[in-house]
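First up is the structure itself, then whatever we jot down about it.
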Amino acid sequence: MVTIKDVEVYPVSDLATAKASPWASVSIIVKVTTSDGQVGYGEAVPTLRVNQVIKAIEEVRRLVIGKDPFRVSYIFREWYKHDFYISRSFESATAYSSVDIALHDILGKYYGAPVYQLIGGLINDKVKVYANGWYSDCVTPEDFAKRAKEVVSMGFKAMKFDPFGPYFDSMDKAGLEEAVERVRAVREAVGKDVDILIEVHGRFNVNTAVQMVRAMEPFEPLFIEEPIHPDLNMEGLSKVKNATGVRIATGERIISIEEALQLIERGLVDVLQPDITNALGFTGMSRIRALTEAYGIELAPHNAFGPIQHAATLQFDASSFNILIQESFYEFWPQWKRDIIGDAFKLNEGYHTVPSKPGLGVTVNERLLDELRFTGMEPFHEEEPVWVIKGTWRRYGS
Ligand SMILES: O=C(O)C(=O)C[C@H](O)[C@H](O)CO
Ligand SMILES: [Mg+2]
């Protein structure tokens, strides 16, 4: 019988070139090897947790070594049984997710099929992507407008940005006005046919979020994301949702179908944004997808970390009929992230093509994984939180 022989972790980085996305300045790539030499890759979430997540992957490793790689659902259930805290542990969820992605890569390679063939078959051979990571150091409306035009000229038909500068919890009148001016500038720069998506990063209390969503309506965003603090405050989210006709998106931090259900069954989300690197890999994403189908809501998978996540998310989207759009930092990454998968993706009129080769459909440059090996902690800035696009935690009006 073929068994899982090893699970290796490669934290990789070239901090000198970490540009727009401090939360992803290190990528955690996972390599699973079988007893007959097959190899699959996965990826886990880094964001200020690189060392904890590596340790969590070591725990999953203990469980999976020696197991049959074809029994993915069984392996998930075993981890669920053993890890008493999985329903509460982001580290456990992302560790398991990375292994699940790698196991699907392996299965696809055994069967000679892309992963989408294993999870429902092809629906979309290309996926509309929205640009993120494009507005580092943008502060004034003019900064945003100039950069937004460049994004359109690259071929993007959609882009996301956080216009809220250094505001957290609440925002005074001047802050709201600054945010509105930035959004207005982008809308005017890109015209009416390009989608703009408003990122809030879970910053605000409910009253501020209610005011904010109303102020954003004239600019017709495709959605407004994480308008309030991300604590599953159901009453609060309900107030915000009822205050606007704009789609509300959320879900990048959920780690289970049960969390997804809490949001969906109360009608609090129009666009769910699960992330394959923390929502339990293809196994968890497929379960969550079924839920979104049943409730008639759309999916816009969160995809903010690295190259294996990017490839895996596209495989997932390929077999989903309710994908609204997918996030992409790809074109705004430092080159090393693209090089890890031989720069496999090219933007084509706002879309990324789904690879049809076996597994995740990308070839990993193992030499680069060795060369870029990183130890230590990610950079931490005392003023600018790690989760914003670099150089944007600033006001311009005062
Ligand atoms: O890409 C997004 O939607 C984000 O919210 C980016 C976040 O800062 C990042 O995912 C934090 O891990
Ligand atoms: Mg987000």
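Descriptive notes on the structure:
- Beta bridges per DSSP, both residues in the chain: antiparallel share near 50 percent.
- Relative contact order (%) - the stretch 117-360, alpha-carbon pairs under 8 angstrom, separation at least six: 24 percent
- Along the axis of the charge dipole computed for the stretch 197-305 (Cβ charges of +1 for Lys and Arg, -1 for Asp and Glu, origin at the Cα centre), the listed residues A290, V271, F305 are led at the positive end by V271.
- In the assembled protein chains, Y111 presents an accessible area of approximately 140 Å² (probe radius 1.4 Å).
- Counting only GluC sites (Glu not before Pro) that DSSP places in a loop and that have at most 13 other Cβ atoms within 10 Å, the longest clean stretch of the chain runs over 1-348.
- Alpha-carbon spread of the stretch 117-360, three principal axes, descending order, Å: 53, 40, 28
- Pairs beyond 22 Å (Cα-Cα), from K337/K357; K31/K390; K192/K390; K157/K241: K31/K390; K192/K390; K157/K241
- Net charge dipole, the stretch 117-360: roughly 420 debye, given to the nearest 20, about the Cα centre with Cβ charges of +1 for Lys and Arg and -1 for Asp and Glu.
- Computed helical MRE - 222 nm, the chain, DSSP H runs ≥ 4 contributing -39500 (n - 2.57), nearest 500: -11500 deg cm²/dmol
- Amide hydrogen neighbours beyond the local backbone of D162, cut-off 5 Å, H modeled: E199
- Between the residues V183, G40, N233, the greatest Cα displacement towards the positive end of the dipole of the chain, with unit charges on the Cβ of Lys, Arg, Asp and Glu, is found for G40.
- Here the stretch 4-114 yields Rg over Rh of 0.99, to two decimals, using C-alpha coordinates and the Kirkwood radius.
- Cross-link partners for K109 among the aspartates and glutamates, with Cα-Cα distance under 13 Å and sequence neighbours closer than 8 places in the same chain left out: D36.
- Local electrostatic count, P355, Cβ distance below 15 Å [Lys/Arg +1, Asp/Glu -1]: +1
The values are calculated or read from the model by the stated rules, or taken from the named source; none is laboratory data. As the structure is a prediction and not an experimental result, all values here were calculated from the model. When we count neighbours, we look across all protein chains shown, and the Cβ atoms used for this are built from the backbone with ideal geometry, even at glycine. The accessibility values were calculated without ligands, DNA or RNA, using every heavy atom of the protein model including side chains. Shrake-Rupley method; radii C 1.70, N 1.55, O 1.52, S 1.80 Å.
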